[in-house]
Each structure stands twice: as C-alpha cells, then as structure tokens.
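Have a look at the structure below before the remarks.
The values are calculated or read from the model by the stated rules, or taken from the named source; none is laboratory data. If you're wondering where the values come from, they're calculated on a predicted model, not measured in any experiment. When we count neighbours, we look across all protein chains shown, and the Cβ atoms used for this are built from the backbone with ideal geometry, even at glycine.
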Amino acid sequence: METRSFADYLRALDDQALLALFALRPDLVSPVPPEFSSLAIRASSSPSLARAIDSLNEWQFQVLEACAALKEPFTEKEIIALTDASAKFVIPHLLALALIYGGPKGYWLPNSLREVLGN
C-alpha cells in the first residue's frame, strides 16, 4: 500500500502502534482527537513536533536531520549513506514517534517538520 498522506499513514497503524505513539507523545490524546485527520493535524503541529524532537538523543536527532536533508520519498539506504549503517536502528523509533512515516518503498516527513528543525 502506498501512503498518500500523514492521516492515511496514521489510519493504517494497528492498535499496538497507535498505543505506542500515544505513550511516546501523550500530547496527541489530550483532548482525544475525534478522527484521524485531526490526529494528523495535531501530530504535525509545530509544538507537538518540537516536544517529540526534544525527546530524541543526539544520534536520533542527527538521523532525523539527515532525513530532512533528503528529497521525499527517501529510503533507508539514502539515510544510511548520509549517516551510518547504525541509522537503520533509529528509523523504527522515528516511525514510532511519527517523526517520519511511510514504509519500505520510502519515507516522508510530517508537513512542518523541516520548519521546526530550522531547515
């Protein structure tokens, strides 16, 4: 399945992935969003993204910055080429935080992430 939007990506997450997202980013569920498009708007808002970015360690942040430097959709191979082979272990965490989204065919960034990073 090709991901067409951030809301589509969130809508396709299974219950376990959604629970993990809400545990990592509790600001997304207070108040409870009425639908996935509202969740996507909240999750891609600058304040919410900034809080999620603040939770990253230095290496995770560097990998996220490398993602932001790439043209979308970008691949794991491109991320590794800009960073290091160990970046492949950071990608699942960035996905769990919804700081990147997509899958094996490519990844995207939530709309305002580059702006929050200052890119």
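Would you confirm, using the coordinates I've provided, whether residue 109 is within 18 Å of residue 10 (Cα to Cα), of a type outside the set (D, E, K, R) and buried (at least 17 other Cβ atoms within 10 Å of the Cβ)?
yes
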Going by the structure shown, is residue 74 under 20 Å from residue 117 (Cα atoms) and more than 12 Å from the chain's Cα centre (by Cα)? yes
Residue 66: assigned to a helix (DSSP H, G or I) and out of contact with any helix residue (DSSP H, G or I) (no Cβ under 7 Å at 6 or more places or on another chain), yes or no? no
Limited to segment 19-45, what total is found for residues that are farther than 18 Å from residue 55 by Cβ and either at pLDDT 95 or above or not in a loop (DSSP other than H, G, I, E, B) (or both)? 6
Restrict the check to segment 95-103 and report whether at least one residue is part of a helix (DSSP H, G or I) and either crowded, with 17+ Cβ neighbours inside 10 Å or out of contact with any Asp or Glu (no Cβ under 6 Å at 6 or more places or on another chain) (or both). yes
Across segment 77-90, which residue is farthest from residue 59 (Cα to Cα) among those that are under 16 Å from the mean Cα position of the chain (by Cα) and of a type in the set (A, V, I, L, M)? 79
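May I ask you to list the residues in segment 59-106 that are over 17 Å from residue 8 (Cα atoms) and of a type in the set (D, E, K, R)?
65, 71, 76, 77, 78, 84, 88
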Give the residues of segment 3-38 that are charged (D, E, K, R) and either surrounded by 15 or more Cβ atoms within 10 Å (Cβ to Cβ) or within 18 Å of residue 110 (Cα to Cα) (or both), sorted by residue number. 4, 8, 11, 25, 27, 35
Considering segment 39-56 alone, what residues qualify as being of a type in the set (Ser, Thr, Tyr) and buried (at least 17 other Cβ atoms within 10 Å of the Cβ)? 44, 45, 48
State yes or no: is residue 69 over 18 Å from residue 119 (Cα atoms) and of a type in the set (Gly, Ala, Ser)? no
Confirm whether residue 86 is in contact with a helix residue (DSSP H, G or I) (Cβ under 7 Å, 6 or more places away or on another chain) and either acidic (Asp, Glu) or not in a loop (DSSP other than H, G, I, E, B) (or both). no
